[in-house]
Amino acid sequence: MKPSISTRYRIKAARLRAMKAGLIACLAAILHSGASAQCANNLGTRTYDTTVSGSSYNSLNMNFPMWNPDSGLLVSVKLSSEVSSQYSFTLGNTDIHQTTFMLQIGQQEQFSSPQLTSTFTGSYPPQMIGSYPLSPGQTISQPAFTFLNKYVTSDSITGVAPFMGSGQVSVSYTSFTYTMLSSFPSSYYSYGANINNTMHFSLQYLYCKGAGVTLATNLTRWTAALEKPRTVRLGWSAVNEARGRVYHIQRSTDGRSFGEIGFVPARNDNNPDYGYSDILPDGAAGKFYYRLLIDDQGAISYSSVQQVSVKADPRGVTVYPNPATDFITINPGSAGSWQVDILSADGRLVQRETFLQTNSMRVNFRTRMSAGIYFVRAYDLRGQKNFAASFVVPGH
């Protein structure tokens, strides 16, 4: 049986294509964030990279350090790869008549990570390599030539929360080069190929730095720790206190969208210490991020970001998706009749719903929610139990 006119040969390659945007997209995201005005002229980068060379028959697993929230306000994560590929092949006409073969080469890849919300699949479109007229029984061998020459792809990810912590960012990928071989007239043939790659892969953190963002000259201490199962204790010390200064305490569940939960006026003392207790709602779980917005009579600046992890509610209450854009689903752990309230970060009632005899409640947002932190509180109409949880609405 003759092979199809278009035949693909899969060859694994040590190459990763990240997504399709660059630093411009990152800066555009910053300009829409609450801290953009403070970060625009105080951006810093921290880059981790690795270079891999060799045969294309191995997939690659890479680990990079996560972003320490105490190092500054993380704005975006940029993934990029630079790939050079050498390709060689042998083509033979095994039919009984003269045939012209046309060769195209393309490449596809897939990468995934626990820090990414979905697996990314990309492709480098097929490129025409050449046309080869071969007599019956004739074989040609093409020595290695450059297929990809420092081919760069990159993307900036603004959902930065999964990249923050003290562990590792794990990225794995596989890729393959495929051949599209056409013949006229249709003929039998033999074909073999080899590809060797050199790939430079990097993970770059873009963050706010300098005066007006991480106030190392004004804050000598800034900590956040889980004091009780649902209580986070925040503490900071300051120097060079100014009359009229106010410390606004902000909290986030994704590391990007922060909402104010309280404020503390400066005491104008010498080297004062401050403290604030954030009592989380019942059912709150996951990672919480805290920062200080310091208002010096209109001059706004930020502290670094502190992260606190809270264990899941043992009662099994879940609220998802989180972040949410159009709706949330609540599983209270047991059936009942419920009044469900959605509250903004400042305690304002946004929406109220009632559900009867159910253990799963879908709350469709009646209006387009502004970006920020929200709380959902559910009350058993029989008065036996209640719970609360938080979720975030990302920027649109």
Members of the stretch 343-372 found to be over 14 Å from Thr325 (Cβ atoms) and of a type in the set (A, V, I, L, M, F, W, C), listed by number: Leu343, Ala345, Leu349, Val350, Phe355, Leu356, Met361
Can you tell me which residue within the stretch 135-177, out of those that are in a strand (DSSP E or B) and in contact with a Pro (Cβ under 8 Å, 6 or more places away or on another chain), is nearest to Gln98 (Cα to Cα)? Ser170
Go over the candidates Val77, Val83 one by one and state the one that is under 16 Å from the mean Cα position of the chain (by Cα) and crowded, with 20+ Cβ neighbours inside 10 Å. Val77
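Please go through the stretch 321-341 and give me each residue that is small (Gly, Ala, Ser) and touching a strand residue (DSSP E or B) at 6+ places or on another chain (Cβ under 7 Å), ordered by number.
Kept after step one, since they are small (Gly, Ala, Ser), are these residues of the stretch 321-341: 324, 333-337.
The answer is Ala324, Ala335, Gly336, Ser337.
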Which condition from (1) assigned to a strand (DSSP E or B); (2) of a type in the set (Phe, Trp, Tyr); (3) exposed (fewer than 15 other Cβ atoms within 10 Å of the Cβ); (4) at pLDDT below 85 is the one that Tyr57 breaks? (1)
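To keep it simple, each residue is scored yes or no on (1) in the same structural domain as Glu227 (by TED's automatic domain parsing); (2) under 26 Å from the mean Cα position of the chain (by Cα).
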position	(1), (2)
Val264	yes, no
Pro272	yes, no
Pro281	yes, no
Ala285	yes, yes
Ser301	yes, yes
Thr329	no, yes
(1) under 26 Å from the mean Cα position of the chain (by Cα); (2) at pLDDT below 85; (3) aromatic (Phe, Trp, Tyr): which one isn't true of Tyr205, the others all being true? (2)
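Going through the stretch 295-309 one residue at a time, which ones are out of contact with any helix residue (DSSP H, G or I) (no Cβ under 9 Å at 6 or more places or on another chain), within 16 Å of Met66 (Cα to Cα) and crowded, with 19+ Cβ neighbours inside 10 Å?
Initially, the stretch 295-309 is screened for residues out of contact with any helix residue (DSSP H, G or I) (no Cβ under 9 Å at 6 or more places or on another chain), giving 295-299, 303, 308-309.
Then drop every residue that is not within 16 Å of Met66 (Cα to Cα), which leaves 308-309.
The one that is out of contact with any helix residue (DSSP H, G or I) (no Cβ under 9 Å at 6 or more places or on another chain), within 16 Å of Met66 (Cα to Cα) and crowded, with 19+ Cβ neighbours inside 10 Å: Val308.
The values are calculated or read from the model by the stated rules, or taken from the named source; none is laboratory data. In this text, all values refer to a predicted model and were calculated from it rather than measured experimentally. Counting neighbours? That spans all protein chains shown, and the Cβs are built from the backbone with ideal geometry, glycine included.
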